[in-house]
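S.K.: Have a look at this one.
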Amino acid sequence: MGASAEPALREVLDDAELGGLARVWLTEHGAADVPPPSEAMVYWLTIDTVAAQLAAEGNSEELRALVQGLAQQHSGFFAAVWRVEHPATADVLEAMGRLHPDKKVAKEARKAAFKARSQQGG
């Protein structure tokens, strides 16, 4: 895809699933005036990214470092992220609870996974 893809990518900027990825592509290809993503979109993309890494690598050291970084950077991360309507939200939060070395943070992740499962009805 070249510059001709830009109009199509701009059309999906508000899409919950595609908007974040479209922003990444546009930014990496030097597009101007790319609007910042909403907090909800950032969380959706975060869940999607961690889910992809879990599927590809399992419980790798890189994934462990990513989980620690996410929990450190965003205060209230688990309080907000369990509401993300992504099919892997509960699984990702469960994995974060398994991977995080801090027992308190790991417990927060497991509680968030439980809430996500309850929200999904399963």
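The values are calculated or read from the model by the stated rules, or taken from the named source; none is laboratory data. Since the structure is predicted, the reported quantities are computational estimates derived from the model, not experimental observations. Ideal geometry is used to build each Cβ from the backbone, glycine not excepted, and the neighbour counts take in all protein chains shown.
S.K.: Could you count how many residues in segment 71-98 are closer than 13 Å to A109 by Cβ, surrounded by fewer than 18 Cβ atoms within 10 Å (Cβ to Cβ) and touching a Phe, Trp or Tyr at 6+ places or on another chain (Cβ under 8 Å)?
M.R.: Here the count works out to 1.
S.K.: Can you tell me which residue is farthest from A106 (Cα to Cα) among those in segment 57-67 that are surrounded by fewer than 19 Cβ atoms within 10 Å (Cβ to Cβ) and either modelled with pLDDT of 90 or more or not small (G, A, S) (or both)?
M.R.: E57
S.K.: Something else: State all residues of segment 1-35 that are closer than 18 Å to V84 by Cα, surrounded by fewer than 16 Cβ atoms within 10 Å (Cβ to Cβ) and not aliphatic (A, V, I, L, M); if no residue qualifies, say none.
M.R.: The answer is D14, D15, E17.
S.K.: Another question, if that's okay. Filter segment 18-39 for residues that are touching a helix residue (DSSP H, G or I) at 6+ places or on another chain (Cβ under 9 Å) and either assigned to a helix (DSSP H, G or I) or in contact (Cβ under 8 Å) with a residue 40 or more places away in the chain (or both) and give the result.
M.R.: Matches in segment 18-39: G19, G20, L21, A22, R23, V24, W25, L26, E39.
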